[in-house]
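For reference, the structure is listed below as structure tokens.
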Amino acid sequence: MRRAIIFRSFWGWMGISETSKGIDTVALPKGSKRAIESDLRSAAGELLEEGVSPRLEAARLQLLDYLDGKRHVFDVPLDLSRGTPFQRRVWQVLQRVPYGKLRSYQWIASRVGGRHYARAVGSAVGANPLPIVIPCHRIVAQDASLGGFSCGLPMKRKLLALEGTLQHLKTRH
């Protein structure tokens, strides 16, 4: 059984779930608690037990500090076992992209097997179950345009603005 916590941030409702190995899902801010519950349940594929563990509380506090601009690195244990071996390699590379820096899909691809993997990298980045903690929002298109984001481009812009990198992107006319 997985455990989950749902909480309110000043950005909206958020959720985190964990297994016995570590944090395995982060549900980014939404307007309602029900939307977060739905996100966590669909990610889990099983029933979730609500309750606060020390690890969930640590992750919650770290996320709140990040959203408040006080934290740049996360240090909670992660469970990436739902990903394929390729996805896990991509997610590990994503974790090396520092706060306030942008990288391209091709940059990631060159570190997991070659530039020709850029499309596959895009799919793996989009499947990231731990946005913010594994900073997929820092990945942009090779031409410095925004690219995509599984949680929506408005959220990506907001996260990049928080980190001070939004102004580095190419704007579309």
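The values are calculated or read from the model by the stated rules, or taken from the named source; none is laboratory data. Bear in mind that the values here come from a model prediction, so they are computed numbers and not experimental data. Counting neighbours? That spans all protein chains shown, and the Cβs are built from the backbone with ideal geometry, glycine included. Quick note on the areas: whole protein, heavy atoms, side chains included, nothing else; ligands and nucleic acids left out. Shrake-Rupley method; radii C 1.70, N 1.55, O 1.52, S 1.80 Å.
Extending each Cα 7 Å along its Cβ direction at E49 and S9, get the distance between those two points in nm, one decimal.
In this crude label model, E49 to S9 measures out at 2.6 nm.
Please give me, ordered by residue number, the trypsin sites (Lys or Arg not before Pro) of segment 51-131 that lie in loop per DSSP and have at most 13 other Cβ atoms within 10 Å.
Within segment 51-131, the qualifying trypsin sites (Lys or Arg not before Pro) (loop, at most 13 other Cβ atoms within 10 Å) are K70, R96, K101.
For the chain, just list the percent of Cα-Cα distances falling in each 10 Å bin from zero outward, please.
Result returned by the calculation: 10, 39, 37, 13, 1.
At 0.36 nm per residue, and after removing the present C-alpha to C-alpha distance, how many nm does the segment from S81 to D68 gain when stretched out fully?
1.7 nm
Using a probe radius of 1.4 Å on heavy atoms only, what accessible surface per residue do you get for the chain? Whole Å² is fine.
Each residue of the chain exposes 50 Å² on average to a 1.4 Å probe.
Out of the total accessible area of segment 38-173 (probe 1.4 Å, heavy atoms of protein only), what percent is carbon and sulfur?
Whole-percent figure for carbon plus sulfur exposure: 52.
Sum up the charges of everything whose Cβ sits under 11 Å from the Cβ of Q142, counting Lys and Arg as +1 and Asp and Glu as -1, but leave Q142 out.
Computed value for this residue: +2.
Measuring from label point to label point, each 7 Å out along Cα→Cβ, what is the K21 to S123 span in nm?
Each label point is offset 7 Å from its Cα along the Cβ direction, giving 2.1 nm.
Roughly how compact is segment 40-134, stated as its Cα Rg over 2.2 N^0.38 Å to two decimals?
1.20
If you average 1/r across every pair of different Cα atoms in segment 78-173 and take the reciprocal, what Kirkwood value do you get, in Å?
One decimal place: 13.3 Å for the Kirkwood radius.
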